[in-house]
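Everything below concerns the one structure shown next.
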Amino acid sequence: MDLTTTYLGLKLKNPLVASPSPLSEKVENIQRLEQEGIAAVVMYSLFEEQIIHESLELDHYLSRGTETFAEALSYLPNVGKYTLAPDVYIETIAKAKKAVNIPVIGSLNGVSSGGWIHYAKKIQDAGADALELNIYFLPTDLNLTSSELEDNYVKLVSDVRAEISIPLAVKLSPFFTALPNLARRLVNAGANGLVLFNRFYQPDFNLGTLEVAPHLVLSTSQELRLPLRWIAILYGKLQADLALTTGVHTAGDVLKAVMAGASVAMTASALLKQGAGVIPTILNGIEAWMTEHEYESIQQMKGSMSQGAVAEPAAFERANYMKELGSYNLHFR
Ligand SMILES: Cc1cc2nc3c(=O)[nH]c(=O)nc-3n(C[C@H](O)[C@H](O)[C@H](O)COP(=O)(O)O)c2cc1C
């Protein structure tokens, strides 16, 4: 049974990849993921805010007594638990590269072009096999247009591309008015892969304290369908690999991702909920399904359910929406 796949030019032993999460903060955890059979690990992200924070602190030490420091820092959000210093991040990548044989992909998380992106080169120099750039921006300004926003995305990708020679993947949110066009622009700007999709964490209201409270809920397989549809639509249309993230919990989820056209399926919630033991369960499940359905390789099924390959391409479009609403069996009491 051939489970191998290629992602960002990297030959992987299977299509299951660990998505960024606190698990990769520790090299022992990365080793454990490798032992259980994961094909590659994307490191937790180094955030633009952390890098800027550190360089502001440095400025402060170099020009002690200025009043700008406290003021400047007050603009920066509290990055919470993700406070490992940028240098520690780089060291962790270097250590992980020495400790495991699977590819290690670095992750930068930011929104603006600027000095902080030099860390892309540092991540490359630490030995990372590729870089994932997570652009997580939530527009709240009524004056900002979608084309300005998209131009910023494209600029950031081409600036990061100019810093490094290793493959670059871009992790996106699903909230774009014309995703296929943006996807093509990002690929033209130098992205070798697109990671669909970033999972947006919605704040909740605490009715006891009347505060807006962060409330991280891990995903379920139900959430697979959003990235599945878009991977199926984009497959074969771009000179880039596609990675599916969000809702990958079972062997069936990975099989669907590959059939839609993903080179890899990435998982975080399943690892956090069930531990590393879920990896062999998923991989064995993939092999069992392939044996039962007489598939010999992952490559053979890749994109077989993409929009370009299915008998009814409209199933991914508006026609499906009407059909689905119409298919609801109403039992009103
Ligand atoms: C606790 C936690 C931390 C995460 N940290 C990062 C991160 O640093 N960078 C990133 O790109 N994604 C991060 N993610 C998002 C995951 O990598 C993944 O894309 C998302 O959770 C959807 O996949 P899932 O359904 O398998 O959880 C994090 C997710 C969780 C739950």
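The values are calculated or read from the model by the stated rules, or taken from the named source; none is laboratory data. In this text, all values refer to a predicted model and were calculated from it rather than measured experimentally. Don't worry about glycine lacking a Cβ; one is built from the backbone with ideal geometry, like all the others, and counts go over all protein chains shown. The accessibility values were calculated without ligands, DNA or RNA, using every heavy atom of the protein model including side chains. Shrake-Rupley method; radii C 1.70, N 1.55, O 1.52, S 1.80 Å.
Observations on the model:
- Residue count for segment 286-304 satisfying the condition of being outside any helix (DSSP H, G or I) and free of Cβ contacts under 8 Å to residues at least 24 places away in the same chain: 3.
- Of everything listed in (1) of a type in the set (Ser, Thr, Tyr); (2) within 16 Å of the ligand (Cβ to nearest atom); (3) free of Cβ contacts under 8 Å to residues at least 24 places away in the same chain, the single unmet condition for Thr140 is (2).
- Single condition Ala309 does not satisfy, out of (1) of a type in the set (A, V, I, L, M, F, W, C); (2) over 23 Å from Pro174 (Cβ atoms); (3) modelled with pLDDT under 95: (2)
- Residue match in segment 107-126 (condition: of a type in the set (A, V, I, L, M) and open to solvent by 40 Å² or more (accessible area, probe 1.4 Å)): yes
- Considering (1) part of a helix (DSSP H, G or I); (2) open to solvent by 100 Å² or more (accessible area, probe 1.4 Å); (3) not small (Gly, Ala, Ser), the lone condition that Leu283 does not fulfil carries the number (2).
- Leu271 in contact with a Ser or Thr (Cβ under 9 Å, 6 or more places away or on another chain), surrounded by 15 or more Cβ atoms within 10 Å (Cβ to Cβ) and either part of a helix (DSSP H, G or I) or at pLDDT 95 or above (or both): yes
- Looking across segment 97-133, just one residue is within 16 Å of the ligand (Cβ to nearest atom), hydroxyl-bearing (Ser, Thr, Tyr) and out of contact with any Ser or Thr (no Cβ under 8 Å at 6 or more places or on another chain), and that is Tyr119.
- The residues of segment 232-241 that are part of a loop (DSSP other than H, G, I, E, B) and either open to solvent by 60 Å² or more (accessible area, probe 1.4 Å) or of a type in the set (Gly, Ala, Ser) (or both), listed by number, are Tyr235, Gly236, Lys237, Gln239, Ala240.
- Restricting segment 1-53 to residues that are under 16 Å from the mean Cα position of the chain (by Cα) and among the polar types (S, T, N, Q), the residue that is farthest from the ligand (Cβ to nearest atom): Ser24
- Qualifying positions in segment 310-329 - among the hydrophobic types (A, V, I, L, M, F, W, C) and under 16 Å from Ile231 (Cβ atoms): Val310, Ala315, Phe316
- Per-region count, segment 101-121, residues of a type in the set (Gly, Ala, Ser) and modelled with pLDDT of 95 or more: 3
- Residue match in segment 242-258 (condition: touching a Lys or Arg at 6+ places or on another chain (Cβ under 8 Å), of a type outside the set (A, V, I, L, M), outside any loop (DSSP other than H, G, I, E, B) and more than 23 Å from Gly37 (Cβ to Cβ)): no
- Restricting segment 194-231 to residues that are open to solvent by less than 40 Å² (accessible area, probe 1.4 Å) and in contact with a Gly (Cβ under 6 Å, 6 or more places away or on another chain), the residue that is nearest to the ligand (Cβ to nearest atom): Ser219
For every residue, the table says whether it meets (1) free of Cβ contacts under 8 Å to residues at least 60 places away in the same chain; (2) out of contact with any Asp or Glu (no Cβ under 9 Å at 6 or more places or on another chain); (3) over 24 Å from Ser306 (Cβ atoms); (4) aliphatic (A, V, I, L, M).
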{"position": "Val160", "(1), (2), (3), (4)": "yes, yes, yes, yes"}
{"position": "Ala169", "(1), (2), (3), (4)": "no, no, no, yes"}
{"position": "Phe176", "(1), (2), (3), (4)": "yes, no, no, no"}
{"position": "Arg184", "(1), (2), (3), (4)": "yes, yes, no, no"}
{"position": "Val195", "(1), (2), (3), (4)": "no, no, no, yes"}
{"position": "Gln202", "(1), (2), (3), (4)": "yes, yes, yes, no"}
{"position": "Leu216", "(1), (2), (3), (4)": "yes, yes, yes, yes"}
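- When segment 250-267 is filtered for residues that are within 14 Å of the ligand (Cβ to nearest atom) and open to solvent by 20 Å² or more (accessible area, probe 1.4 Å), the ones remaining, listed by number, are Thr250, Lys256.
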